[in-house]
Amino acid sequence: MKSEHFVLILRQLDTNPAATQRQLAEGAGLSLGLVNGIIKESLSLGYLEQNSERKLLLTEAGRKYLDEFKVKNAIILAAGFGSRCIPLTYETPKGLLSVCGKPMIERQIEQLNEKGITDIIIVVGYMKEHFDYLIDKYGVKLVYNAEYAVKNNIASLYCAISSLDNTYVLNSDNRMEENIFNTYEPHSWFSCIYIDGPTNEWCVTNSQKDKIKSISIGGQDSYAIVGPAYFSKSFSAKFKEYISDCYNRPGTNDYYWENVLIEQLDSLPIYMNKQTGNVREFENLEELRQFDPSYKINSNNKIMALISKVYHVPELEIKDIQPIKVGMTNRSFLFSHDNRRYIMRIPGEGTDKLIDRKNEHTVYQAIEHLNLCDEVKYSDPEAGYKITVFWDNSRVCDPLDMSDVKECMKKLREFHEMKLQVPHKFDVFERINFYESMWLEADSCFRDYKETKANVMKLQDYINSVPKELVLAHIDAVPDNFIFIKKGDESQLRLIDWEYAGMQDPHIDIAMFAVYSLYGEEQVNMLIDCYFIHKCPHNIRVKIYAYIAVCGLLWSNWCEYKRHLGVEFGEYALKQYRYAKDFYRIFNENV
């Protein structure tokens with residue numbers, strides 16, 4: 001007999017000594033003959049004894065035997081943002097969303113507690129404070145994953161690596177209709193559900209005895225890993241080594257812990273735990289609506305309530321919600337209403353300190369009838385929420401396509417030549433100091449920051465010495481904000497996202513385009529030539545070099561502020577600091 005067969009039978013008899021052999025066979029998924037043999041051997045080994053009523057009772061020897069298979073703890077991964085469930089997750093971490101009246105993570109904790117599993121570790125990150133109450137309510141432990149914004153869930157499990165033993169590993173955003181957990185587990189397993197048709201889930205192939213042989217992303221008419229997993233002590237011992245190696249290996253930031261399992265499946269035996277119809281994963285608001293009708297009426301989300309109010313419709317008519325790639329300042333998502341698509345902008349972390357929304361509102365009032373910008377349907381100058389029309393058949397500028405760049409520079413020059421006026425100014429040097437003052441730490445992460453800043457600040461004298469006329473400048477005139485659209489047979493080019501716009505030297509917009517495009521010196525010169533109809537005067541070209549250095553330091557300081565809030569911009573942040581240094585040198589070579 002295999003040890004797992006003993007565990008499957010003994011754990012049932014531990015809770016239900018009156019169970020018949022047929023009931024035991026059904027509960028364990030074993031044949032009646034095999035169950036009969038297990039019971040006979042368990043009696044002979046002293047694991048079971050029969051009382052006067054012929055009930056099978058677990059003995060102390062039987063409990064001692066089961067001790068090796070007793071579940072020690074559970075780790076719940078709850079650090080992620082849950083982007084596919086926006087806008088709900090802008091306000092509530094996905095695992096804390098209520099389904100049928102109870103937050104998903106609370107249901108998991110209670111199901112674990114029912115089986116005597118009270119040592120529960122929750123790995124938190126995004127909106128970590130929202131989970132604090134669980135410590136008092138359930139006695140759980142919280143572990144903070146500081147890398148939740150820049151690494152996938154491999155970082156979360158790595159944070160709790162020391163707790164891996166006989167351990168359940170859960171995602172906080174799954175719901176189990178029936179309790180999937182046990183006090184004792186015979187071997188490692190992964191919850192699997194059968195999916196009809198094509199799927200992007202992680203699909204498995206298996207042996208006749210349901211050992212997982214392979215896992216691949218995507219498939220059709222297949223079982224897929226969805227929901228909790230269980231690691232035995234021996235499995236955990238090996239997995240700790242593999243996940244440590246993978247976590248510390250370059251290029252694995254996007255890894256899930258399941259990638260480690262795929263890489264090492266030959267030496268990490270794990271079985272399917274078929275849970276079709278029991279384990280649920282909610283990908284988005286539409287799936288929540290289908291399962292929990294309360295979401296059709298009221299999602300208890302202020303962003304959904306706002307859209308509902310703006311369009312005077314019930315929430316159910318706000319459909320097809322899709323995340324848009326997170327911007328550097330804001331978050332945005334698409335939604336549909338009345339067969340039209342719109343973009344909802346949500347201010348990002350710390351944006352209230354960076355952006356004056358009343359100034360932004362003033363800019364939009366100045367340009368709204370000039371066919372320059374996005375079509376605004378709603379704007380809140382206090383909170384910064386904005387709803388705009390989504391243009392189908394549109395695309396952003398490709399900074400490596402010179403025909404695109406020429407069109408964008410022509411549009412930019414025409415805008416500057418309008419010489420629009422607003423009451424406020426964007427003072428780039430003041431902003432450098434302001435962003436620096438917002439850092440949570442006194443010193444920059446760059447060791448030579450003080451020297452670099454001093455050099456950049458020297459450029460102010462040259463910039464001021466070159467004659468200029470201040471006009472409304474976009475300030476954030478980067479390729480992603482130039483949108484090529486089609487309206488019927490007409491093609492148009494629009495410039496969106498005016499939240500930094502203010503009075504300034506118009507040539508600063510050329511510098512902004514360059515630093516965001518990560519242009520080298522030769523590309524910068526081509527960009528300048530695209531903007532000017534006639535040859536660019538030397539002193540203006542040198543001034544733009546100076547602006548590139550200044551803008552590099554400006555956005556480097558901005559990135560440092562956002563980094564302190566847990567938002568990382570990787571190569572972009574490093575490149576901006578390089579612009580401050582490299583174009584200070586290029587300026588000096590050409591002045």
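The values are calculated or read from the model by the stated rules, or taken from the named source; none is laboratory data. The model shown is predicted, which means the values in this text are computed figures rather than measured ones. Cβ sites come from the backbone with ideal geometry, for glycine too, and all protein chains shown count toward neighbours. Surface accessibility is based on the protein's heavy atoms, side chains included, excluding ligands, DNA and RNA. Shrake-Rupley method; radii C 1.70, N 1.55, O 1.52, S 1.80 Å.
Applying the criterion of being of a type in the set (Lys, Arg) and over 17 Å from Lys377 (Cβ atoms) to the residues of the stretch 293-319, the residue that is surrounded by the fewest Cβ atoms within 10 Å (Cβ to Cβ) is Lys302. Quick check, is Leu56 in contact (Cβ under 8 Å) with a residue 40 or more places away in the chain and either on the phi > 0 side of the Ramachandran plot or surrounded by 14 or more Cβ atoms within 10 Å (Cβ to Cβ) (or both)? When the stated conditions are applied, Leu56 passes them.
Here is a yes/no grid of residues against (1) in contact with a Phe, Trp or Tyr (Cβ under 8 Å, 6 or more places away or on another chain); (2) β-branched (Val, Ile, Thr); (3) open to solvent by less than 50 Å² (accessible area, probe 1.4 Å); (4) farther than 16 Å from Glu185 by Cα:
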| residue | (1), (2), (3), (4) |
| --- | --- |
| His5 | no, no, yes, no |
| Ile9 | no, yes, yes, no |
| Thr20 | no, yes, no, yes |
| Gly29 | no, no, no, no |
| Ile38 | yes, yes, yes, yes |
| Gly46 | no, no, yes, yes |
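Of the listed requirements (1) open to solvent by less than 10 Å² (accessible area, probe 1.4 Å); (2) modelled with pLDDT of 95 or more; (3) among the aliphatic types (A, V, I, L, M), Ile135 misses just one: (1).
Step by step: first the residues of the stretch 539-591, then only those that are acidic (Asp, Glu) and closer than 30 Å to Gly80 by Cα, then the one that is modelled with the highest pLDDT. Which residue is that? Within the stretch 539-591, the match that is modelled with the highest pLDDT is Glu560.
Considering each residue of the stretch 281-292 in turn, at least one proves to be closer than 29 Å to Asp210 by Cα, surrounded by 19 or more Cβ atoms within 10 Å (Cβ to Cβ) and out of contact with any His (no Cβ under 6 Å at 6 or more places or on another chain). The selection criterion, being within 30 Å of Val124 (Cβ to Cβ) and not charged (D, E, K, R), does not hold for Ala61.
A single member of Pro347, Pro399 is within 30 Å of Val524 (Cβ to Cβ), open to solvent by 20 Å² or more (accessible area, probe 1.4 Å) and either within 27 Å of the chain's Cα centre (by Cα) or among the charged types (D, E, K, R) (or both), and it is Pro399. Residue-level check: of (1) out of contact with any helix residue (DSSP H, G or I) (no Cβ under 9 Å at 6 or more places or on another chain); (2) open to solvent by less than 40 Å² (accessible area, probe 1.4 Å), Asp392 misses just (2).
For the stretch 121-144, enumerate the residues that are farther than 12 Å from Ile105 by Cβ and part of a helix (DSSP H, G or I). Listed by number, the residues that qualify are Lys128, Glu129, Ile135, Asp136.
No other residue among Ile117, Ile105 is surrounded by 15 or more Cβ atoms within 10 Å (Cβ to Cβ), assigned to a loop (DSSP other than H, G, I, E, B) and either β-branched (Val, Ile, Thr) or modelled with pLDDT of 95 or more (or both) apart from Ile117. Here the helices (runs of 4 or more DSSP H) wholly within the stretch 500-576 that include at least 3 residues being open to solvent by 10 Å² or more (accessible area, probe 1.4 Å) and under 29 Å from Ser403 (Cβ atoms) are 521-531, 538-564.
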